[in-house]
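The values are calculated or read from the model by the stated rules, or taken from the named source; none is laboratory data. Remember, it's a predicted structure, so these values are computed and weren't measured experimentally. Note: ideal-geometry Cβ built from the backbone for every residue, glycine included; neighbour counts use all protein chains shown.
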């Protein structure tokens, strides 16, 4: 039978201390959750002002929330007398093992964060990156989805894009169209140059500023080559390039200006056999 003294000693030794610890642990957890909520609210407001990508903000919020709640839980367990040193060591070892096993994914994640933060391109831009050229459909945490000009969808790991050169063809409002046209050595050079300059003035999509360039660039093996470099709005780039190239061929034909192609003269020498030596 337990005596009153034994019960009192049990209460003083175990019940009250453990009760206090449990209550303190609950308070730490509740107050910790309130503090975490306040911090997350402040973080959300700061990120909203910075205008970062929504996907990146949501991902960072979930990571930060998990880390803060982990601190709260560890503090609550420590108040209960649990050896949190071993728990932290186990979590650290588990995190290291997971990190090593997901090394490639973590690299893509880090690259995705950098792409979303620094924004070298955005959805809708036509880019070349990671060995692929296409229009960006979406930028994710781990991959970027692009659509090629022939309407194929390609999923490229972010690490592959960020670790190489990125060419953004849509970054600027205007682009220069670089074209080369050759004429024969027997053609009138000044006439051909005047025809090209007139065609540029007639093309409404070509911008007056910066001024287009028409110049002789090379005395080639088979032709005298002109470089034609007009500036256009980025959206007109391919239209002007294709239409102007076709128009030059038709105009040169009309003006009697030849567009030569590589030629090679082959001389064949036939040795005459001495018929006298034959029987």
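Some values worked out for this structure:
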| item | result |
| --- | --- |
| Odd one out for residue 138, checked against (1) over 23 Å from residue 239 (Cα atoms); (2) touching a residue at least 12 places away in the same chain (Cβ under 8 Å); (3) touching a strand residue (DSSP E or B) at 6+ places or on another chain (Cβ under 9 Å); (4) surrounded by 15 or more Cβ atoms within 10 Å (Cβ to Cβ) | (4) |
| Candidate set: segment 238-255, residues that are within 16 Å of residue 204 (Cβ to Cβ) and in contact with a helix residue (DSSP H, G or I) (Cβ under 9 Å, 6 or more places away or on another chain); chosen: the one surrounded by the fewest Cβ atoms within 10 Å (Cβ to Cβ) | 247 |
| Only listed residue being touching a strand residue (DSSP E or B) at 6+ places or on another chain (Cβ under 9 Å) and in a strand (DSSP E or B), chosen from 181, 244 | 181 |
| Subset of segment 141-178 that is assigned to a loop (DSSP other than H, G, I, E, B) and within 16 Å of residue 112 (Cβ to Cβ) - its residue that is modelled with the lowest pLDDT | 141 |
| Evaluation of residue 263 against (1) in a loop (DSSP other than H, G, I, E, B); (2) modelled with pLDDT of 95 or more (one fails), failing number | (2) |
